[in-house]
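Inspection log for the structure reproduced underneath, given as structure tokens.
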Amino acid sequence: MDKQAAEPQERRIDHFFSFPGARADRWRELHAAAREWEQGRGDATQMRALLEGIEAYEGFFAYPGGQLLASLRQRIDAGQAGAAATLAQRLSESILTRSYKSDAEDWDSGEILSDPPPGLNTPTLSRDQHHRPYFEMLVVAPGAVSRGRNIIEQMRRLRRSEDAFTYEAVPVGSFEDAIIAIILNPAIAAVTIYEGFAHDSTAPVPVLRDFLASAKLDAAHIAGDDLPLSLADALKRIRPELDIYLLSDRHVERLAGDLRASSVRRVLYSVEELLELHLCVLEGIDDRFRTPFFDNLKKYAMRPISTFHALPIARGKSVFKSDWIRDMGEFYGLNIFLAESSATTGGLDSLLEPTGNIKLAQEMAARAFGADHVFFVTNGTSTSNKMVHQALVAPGDIVLLDRNCHKSHHYGLVLAGGQPLYIDAFPMTEYSMYGAVPLSAIKQALLELKAEGRLDRAKMVDLTNCTFDGHIYNTRRVMEECLAIKPDLIFLWDEAWFGFARWSPFLRPRTAMGAADAISAWMRDPASVEAYEAQQKELGKKPSIEKLLETRLIPDPRQIRLRVYQTNSTHKSMSALRQGSMLLVRDVDFASVEAQFHEAVFTHASTSPNQQLIASLDVARRQMELEGYGLVANAIEIALDIRKEVNAHPIISKYFRVLGVPEMIPAKYRSAGFVDFLTPGADWEDQVRSMHEDEFCLDPTRMTLVCGTAGFDGTQFKKLMADDYDIQFNKTSRNSVLLQSNINNTRSDVANLIRVLLEISRKIETDLAKGGENAAATFAARVKSLMTDVPDLPNFSHFHEAYRWDAGKTTPEGDMRSAFYSAYYAEGCEYLPLDSPDVDTRLKSGPEMISANFVIPYPPGFPIMVPGQVISKETIDFMRKLDVKEIHGFERAKGLKLIRPDHAKDHIRK
Ligand SMILES: *Cc1c(COP(=O)(O)O)cnc(C)c1O
């Protein structure tokens, strides 16, 4: 794509930022050079240099493997330009299309190798293996370089025709190489570790080595004996889904008893049959491949069944026999009707009381996502959130939450009767959006509740991670500091967009479950109690609120009750059908609320949940466990590509820009000094440090594209792109649109986007050139209005006194439910048109205007008024400036719906 890729730093194998595409690029480059050479340009020296670059990496991949690479080198060395070009093309195409995974011919190097070692039937992927899913197994063994070929052949000889999957071995000889291999090669799904391998790689890997040293995983920190288990542990931390097998020829029993051996799926005595290993490996894959519900649904669909229950569409007869709706059948195909059922027996299960394959599917999802329990939800995360609120929050309980969170949280609180204590996120006024909630504001609210003796009321902290625009919390730090104030606080992390993050080692520590993992490990470490006690001593008896705010608080590991919930819209970031959502539970006290969760399921789940949705949740889990790592890495790389291409393009960047970290996150929240993904010299290590330390970081896959500088408001630009170019965006703001890359994007999508942006930019240039000074002035005025005349964002004002009967003196919570139901009594309500002078009079001299309902403009999509909230001048100003059409809860003709102040106390339910 651009020549940056030619810089030496990106050539080093420990440059992990953009590996999926970098490999493809290297092959494409080699292929192009080979063609040039064939046509008499270029020379063998250049070819050799390119091949050397490739060889540095290819040891981490099974295909094309040593033999094919050797024949390529032979052809180059022999000056056979034509033959080299043919082979380079074959290899590069196979890698780009991934055809080697199913096509035995791609592996064929027969005619070149003069004498294949006797007894080895080299290409062994036979034709009947075409539809067997393919993966690679890393083999870490001493002398892997010299013995590599043997290892590969040894593993191939284990293949049996009845195997459900097929794999190739990737041998490496050191700890460092093993780490690099599982980072670079997403096809690796299993790892076999022999004893006796080295620590250091023979390749130059300075960044990796520094990083391992900081994690105490360098040669100096690990004793030779300890290498295998330390490696298993390290690999699991990077890719927890991998199955790890340990082959040892001594103390197998003792190894198996080591605590860290929990990272290992099976310890085998290495003189035992290798076939045993082979069977274990296949079983391990099958354990991820199995989709209990989906598998049964397929079986169910194939059975001849007469139905005498509701759901006439089941089996499709009412569709396919109809003269009038047959096209629906033709469009969807027969299977979907065969798989429709209202049965919960005969191979299916009940989502409301799962005891069979749904239960199993949920347990497998829990394993995959790092939770203790998972609930499948078929009404979207909107419902998952309401379920959590209902199950955990009782009337009067206080929930601290971001006023900008998704409306399901606000409505969940109305239903549950919990009192919201709204905390404002930091504003990004220039772009008409909010960031995330600063930890200091959360701590302050908790400390104030404590000061008033009302901390026991605070039940839950509820935050959106990441936010719509990509702000990622430091989930671990937030939970630790809050737990230092209240050790049994519950956390609900709405990760509607962020479910995929589990499969990125960069992002995982910032997920709810990743942080819960880290905190659990920290709680088991004896040093943690010491750290806590040392800090207590330092803080003294009665530390002031200021002191507590500026200290990074350490909780008492002995007191913590770790109660973490996560909801995610599986359909937003993984391959689930729309509305497929999961609710993850990691709560040491879950037993005490389990019955409440069942009530919440009964309250919110349909009694006719959709079978296809449940099946797609099951399948989405399978996909992520087997290929999630590579897919997510690809999505991240694509996002970095878009960021780079847009911001560096000489014409596009005049009118458009993807906001980087500095614009999205104020420097005070970036103590680790991370600047941006695109900063020259920025390394993945900087990013890792930022992910670890900074208060907020940015999800690279969520890209705010500023279009105001091109004279478009967000809505207008989104419509233009959809109508004229078939490119769909996510949400909009006054002067930006949000682009998102996900696991289905390819580099062609990037190319298409860039092409379109260039076309639009060129058109602006031509129009400006044609229109002369007038056009330039109009354009500049339009840009100014979009970029600088932006309305101030209204913070949450406060609840009206009437709805604060149960609130603290200094803390801002309110009885939103009573206010919500006040609006049901017409005599207690009034309407005021937004532009009426009465509005201004009341702002000036009262009585206060009390909102009767939620008012949610799209964009920005957060409630600028909630029931019982006193309407401030800022809110009115914002609404009057707002030029969006869609405002939920507001009828322009009637005006603002208000609760009459003299009626405010009428319907309070104590
Ligand atoms: C989309 C979204 C929801 C709701 O999820 P659905 O699956 O659409 O019901 C909840 N929270 C956030 C932050 C969201 O973005």
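What follows is calculated from the coordinates using simple rules that are stated; it is not laboratory data. Given the structure is predicted, the values throughout are model-derived calculations rather than measurements. Note that we place each Cβ from the backbone using ideal geometry, even for glycine, and neighbour counts take in every protein chain shown.
For the listed residue pairs Lys299/Lys359; Lys844/Lys881; Lys317/Lys359; Lys386/Lys897; Lys644/Lys668; Lys809/Lys910, the alpha carbons are over 21 angstrom apart in Lys317/Lys359; Lys386/Lys897; Lys644/Lys668. Would you work out which of Gln566, Tyr655, Ser616 lies farthest towards the positive end of the dipole of the range 553-692, given +1 charges on the beta-carbon of Lys and Arg and -1 on that of Asp and Glu, about the Cα centre? Farthest towards the positive end: Tyr655.
Ranked by the mean number of other Cβ atoms within 10 Å per residue, highest first, peptides 467-474, 90-97, 596-603 order as 467-474, 90-97, 596-603.
About its Cα centre, the range 752-858 has a charge dipole of approximately 580 debye under the convention of +1 per Lys or Arg Cβ and -1 per Asp or Glu Cβ, with nothing else charged.
Helix 439-451 and the longest principal axis of the Cα set of the chain meet at an angle near 50°. If R0 equals 56 Å, the separation of the Cβ atoms of Ala826 and Lys547 corresponds to a calculated FRET efficiency of about 0.60. Specify the inter-centroid distance of the range 754-801 and the range 521-567, based on alpha-carbon positions, in whole Å. Between the Cα centres of the range 754-801 and the range 521-567 lies a distance of 48 Å. The distance from the alpha carbon centre of the range 822-860 to that of the range 235-252 is 63 Å, rounded to a whole number. As a proxy for reagent exposure, ranking Thr567, Thr464 by other Cβ atoms within 10 Å from fewest up yields Thr464, Thr567. Each peptide in 523-534, 187-198, 604-615 gets a packing score, the mean of other Cβ atoms within 10 Å over its residues, and the list from highest to lowest is 187-198, 604-615, 523-534.
Between the listed residues Ser797, Tyr825, Leu768, the Cα displaced farthest toward the positive end of the dipole of the range 765-910, a dipole computed from Cβ unit charges relative to the Cα centre, is found at Tyr825.
Look at the dipole of the range 595-754 built from charges on Cβ: of Gly708, Ala751, Ser741, the Cα furthest out on the positive end belongs to Gly708.
What you get for the range 597-704, charging only the Cβ of Lys and Arg (+1) and of Asp and Glu (-1), is a dipole of about 380 debye around the Cα centre. Look at Phe165, Phe175 and count the other Cβ atoms within 10 Å of each Cβ; fewest to most, that gives Phe165, Phe175. Quick check: the distance between the Cα centres of the range 448-512 and the range 678-746, to the nearest angstrom? The two parts, judged by their Cα centres, are 24 Å apart. Counting only lysines at least 8 places from Lys763 when in the same chain, those with an alpha carbon closer than 18 Å to its own are Lys654, Lys718, Lys719. Dipole size of the chain about its Cα centre, with +1 on Lys/Arg Cβ and -1 on Asp/Glu Cβ: approximately 1620 debye, rounded to the nearest 20.
The peptide list 845-856, 813-824, 540-551, put in order of mean Cβ contacts within 10 Å with the highest first, becomes 813-824, 845-856, 540-551.
With both labels modelled 7 Å from their Cα along Cα-to-Cβ, the Ala769 to Gln728 distance reads 3.6 nm.
On a 0 to 90 degree scale, rounded to 10, what angle separates helix 407-416 from the longest Cα axis of the chain? Rounded to the nearest ten degrees, it is 60. Measuring from a point 7 Å past the Cα of Thr345 along Cα-to-C-beta, which residues in the range 292-313 have an amide N at less than 15 Å? Those under the cut-off are 306-310. With both labels modelled 7 Å from their Cα along Cα-to-Cβ, the Ala776 to Leu415 distance reads 5.8 nm.
If you plug the beta carbon distance of Ser592 and Glu663 into 1/(1 + (r/R0)^6) with R0 = 51 Å, you get a FRET efficiency near 0.70. Seen against the Cα atoms of the chain and their longest principal axis, helix 380-392 is set at about 60 degrees.
Given their separation in residues at 0.36 nm each and the Cα-Cα distance between them, Ser318 and Lys299 gain 4.7 nm when the chain is fully extended. For the chain, what relative contact order do you get, as a whole percent, if you take Cα pairs closer than 8 Å and at least 6 residues apart? Relative contact order for the chain comes out at 10 percent.
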